[in-house]
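Participant: One structure is given below, represented as structure tokens, and several questions about it will come after.
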Ligand code: WTA
């Protein structure tokens, strides 16, 4: 597969140029490096008025033949997945391509035995055990559509997702281990299923051996089912544009959006971007710390790495257990070469003494990555100094559930990184900046609304069951462009820096202020770990700014510090951006994927706490009450 790898800056420039001048030729050549049961008739057909996008039209394939079967001859005994348990006393597991192929086929036969057919939706609500990857691939093997729901979601959230996609089978576990906690997944699933008439069968994997209740009508044990099958399961031949999976992401309204990804384009782009951004080479050990419940886990733990014949690490636990050195202990033990995590994890770890990092041998690391939110300069340097020892390129990868793969990122060691900048678009990606009226900003150095002006293979094709909403959210604000909802600036060299969601803009005295840059400014203060800024109504200014601020341990939270923060913001952005109110807090309400729930903070700042909405899906629902109690 190395034929699709870019090896120099000049290669990158040539590939980019070609991808713009002749996208169909470019992607057609890349796609030749995959296994197809039938070649496509047309590389691309699209109409963004409708909107409709089709890639490798008429092509037939099965993504699991690309992830598994085709490696058997050359890499059958190579490790495909290294699984690292939550508890370091439990053994690490190495699963070869041959074994993974056999286990996926066996479980695919279990699904068939339980009446799952091509096109059926299967909900997967599981901890980060090997069987989660196996389940995802087994669905893909038989053409069933997987909908993975992160195992931290509540019963209400799970039920809403099962019902939206009318899933017929649920795959879950008795419980899941995460740090010191055990999550009673089966109990939560039972609660959810009271509201889910479409589920006909629940297959339960035994992980924690905790006591669970059992519904003999629909429940069956995973290990019992496996006894009934062999591991011979030919792959279902899929059309390029058949659905591969649904994955829910939150929108600005309450109802989650089931983003639909299809087989051919997703496979090509997830793999192409994986190999180029991380510069994966034979025998590398690649680790992405995301959960498979999120798009990052789908594209860059499972599909991209396995299609590339890579060795990918799957970690069941959390970075803080048994202590704050766990990530680095694993990096040393497994000789990890590429490490990909989220800024929120980096900031959390940076709060603790650096001995947690320095005591481990990280000399195998070649590439570091981040994803999910803008990384502030301090966190970037902490990562660079302590983890990368100033010796590893850092790929800051901007993308979304909707984009299926990384869109703007440096390519490790090939294109230059720049702190806090995602930098340059990948080949095939055509970002532009727009002003508020939708006019393209043509100067290289500019700041505005980010949009993408041409299709790429892994764009989500629709919102499951609601194409109208898909059109409204992504293709209506700026006709003929895909609108991701982020703002960005571009430096004179064409590097992009994502400045944050454009929907988090606050207008203060007629000035548009993005909350993200204000937070960045505050976070630069040496006493501050993290902050969140929102607007609240103000008699004279229209809106004023309210900053929630977390300090390092042992910092005195006094008037002097408040003044220093205001001065710092005034200095960095301007006096207009000075927060009217600054509240010191112990934590910020976050989604499971680590995003700050600004909606809740806005309500608290506005004294509108009677209707905070559902906080049960938060990572830390308890923090909401303490913020309210301590409000100024
Ligand atoms: C934000 C995660 C800045 C952005 C893969 C985007 C980022 C949203 C970055 C998508 C980055 C993601 N720099 N912001 N490198 N990566 N974002 O769907 O606001 O969970 O729109 O996908 O995260 O989040 P999602």
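Participant: Using the beta-carbon distance between residue 333 and residue 391 and R0 = 22 Å, what value does 1/(1 + (r/R0)^6) give for FRET efficiency, to the nearest 0.05? Show your work: numbers first, answer last.
Facilitator: Details: r = 20 Å, r/R0 = 0.91.
That gives a FRET efficiency of 0.65.
Participant: Here's a follow-up. Return the Rg/Rh ratio of the range 348-417 with Cα-based radii and a Kirkwood Rh. Don't jump to the answer; show the numbers that get you there.
Facilitator: Values: Rg = 13.1 Å, Rh = 13.2 Å.
In the range 348-417, Rg relative to Rh is 1.00.
Participant: For residue 195 paired with residue 7, estimate the spin-label separation in nm (one decimal), with each label point 7 Å from Cα along the Cα-to-Cβ line.
Facilitator: 5.6 nm
Participant: Would you kindly give the portion of the calculated P(r) for the chain that falls above 36 Å, as a percent of all Cα pairs? Can you show the working numbers first?
Facilitator: On the way: 71563 of 199396 pairs.
Value for the chain: 36 percent of Cα pairs lie more than 36 Å apart.
Participant: Moving on. If one takes the longest principal axis of the Cα atoms in the chain, at what angle in degrees, from 0 to 90 and to the nearest 10, does the Cα axis of helix 9-21 lie?
Facilitator: 80 degrees
Participant: Peptides 215-227, 388-400: what's the order by average Cβ count within 10 Å, highest mean first?
Facilitator: Numbers: 215-227: 13.3, 388-400: 19.8.
Ranking the peptides 215-227, 388-400 by packing returns 388-400, 215-227.
Participant: Something else about it: Could you give the angle, 0 to 90 degrees to the nearest 10, between helix 155-164's Cα long axis and the longest principal axis of the Cα atoms of the chain?
Facilitator: Computed tilt is about 60 degrees.
Participant: Grab the DSSP H runs of the chain that are 4 residues or longer, score each as -39,500 (n - 2.57), total them, divide by all residues and round the 222 nm result to the nearest 500 deg cm²/dmol.
Facilitator: Details: 20 runs with 175 residues, N = 632.
Calculated mean residue ellipticity at 222 nm is -7500 deg cm²/dmol.
Participant: With Kirkwood's inverse mean 1/r over C-alpha pairs for Rh, give me the Rg to Rh ratio of the range 323-439, two decimals please.
Facilitator: On the way: Rg = 15.5 Å, Rh = 15.1 Å.
Result: Rg/Rh = 1.02.
Participant: Right, here's the next one. Which whole-number percent is the relative contact order of the range 509-629 (Cα, under 8 Å, 6+ apart)?
Facilitator: Numbers: 169 pairs, mean separation 28.2, N = 121.
Dividing the mean separation by the residue count of the range 509-629 yields 23 percent.
Participant: Continuing with this model, one more query. Can you list, bin by bin at 5 Å, the percent of alpha carbon pairs in the range 509-629, starting at 0?
Facilitator: 2, 11, 22, 23, 20, 14, 6, 1
Participant: With 10 angstrom as the radius, rank 407, 267 by how many other C-beta atoms surround their C-beta, starting from the fewest. Before the final figure, lay out the partial values.
Facilitator: Numbers: 407 27, 267 31.
The order, fewest Cβ neighbours first, is 407, 267.
Participant: Sticking with this structure for a sec: How much length, in nm to one decimal, is gained on full extension between residue 631 and residue 576, taken as 0.36 nm per residue of separation minus their Cα-Cα distance? Walk me through the numbers on the way to the answer.
Facilitator: Numbers: separation 55, 0.36 × 55 = 19.80 nm, distance 2.31 nm.
The span from residue 631 to residue 576 would gain 17.5 nm if fully extended.
Participant: List the relative contact order of the range 100-167 as a percent without decimals, with contacts defined as Cα pairs under 8 Å and 6+ residues apart. Display every interim value, and only then the final one.
Facilitator: Details: 75 pairs, mean separation 26.0, N = 68.
38 percent.
Participant: For the range 345-400 and the range 587-616, compute the distance between their C-alpha centroids and round to whole Å.
Facilitator: First find each Cα centre; the distance between them is then 28 Å.
Participant: So what is the relative contact order for the range 165-246, in percent, with contacts set as C-alpha pairs under 8 Å and at least six apart?
Facilitator: Details: 94 pairs, mean separation 23.7, N = 82.
So the answer I get is 29 percent.
Participant: At a 10 angstrom cut-off on C-beta neighbours, averaged per residue, how do the peptides 85-98, 311-324 rank from highest to lowest?
Facilitator: Numbers: 85-98: 15.3, 311-324: 19.7.
The most tightly packed comes first, giving 311-324, 85-98.
Participant: Order 482-488, 362-368 from most to least packed using the mean count of other Cβ atoms within 10 Å. Numbers along the way, then the final one.
Facilitator: Numbers: 482-488: 22.4, 362-368: 19.7.
Top of the packing list down: 482-488, 362-368.
Participant: Quick one, can you get me the convex hull of the C-alpha atoms of the range 1-123 expressed as volume per residue in Å³?
Facilitator: Details: hull volume 26.0 nm³, N = 123.
Output value, Cα hull per residue: 211 Å³.
Participant: With angles folded into 0 to 90 degrees, how steeply does helix 263-278 sit against the dominant principal axis of the chain? Use alpha carbons for both and round to 10.
Facilitator: 60 degrees
Participant: Quick check: the distance between the Cα centres of the range 445-466 and the range 137-194, to the nearest angstrom?
Facilitator: 28 Å
The numbers here are math on the coordinates, done by the rules we state, and not lab data. Worth saying up front: this structure is predicted, and the values here are computed from it rather than measured. In this analysis, Cβ positions are derived from the backbone assuming ideal geometry, glycine residues included, and neighbour counts consider all displayed protein chains.
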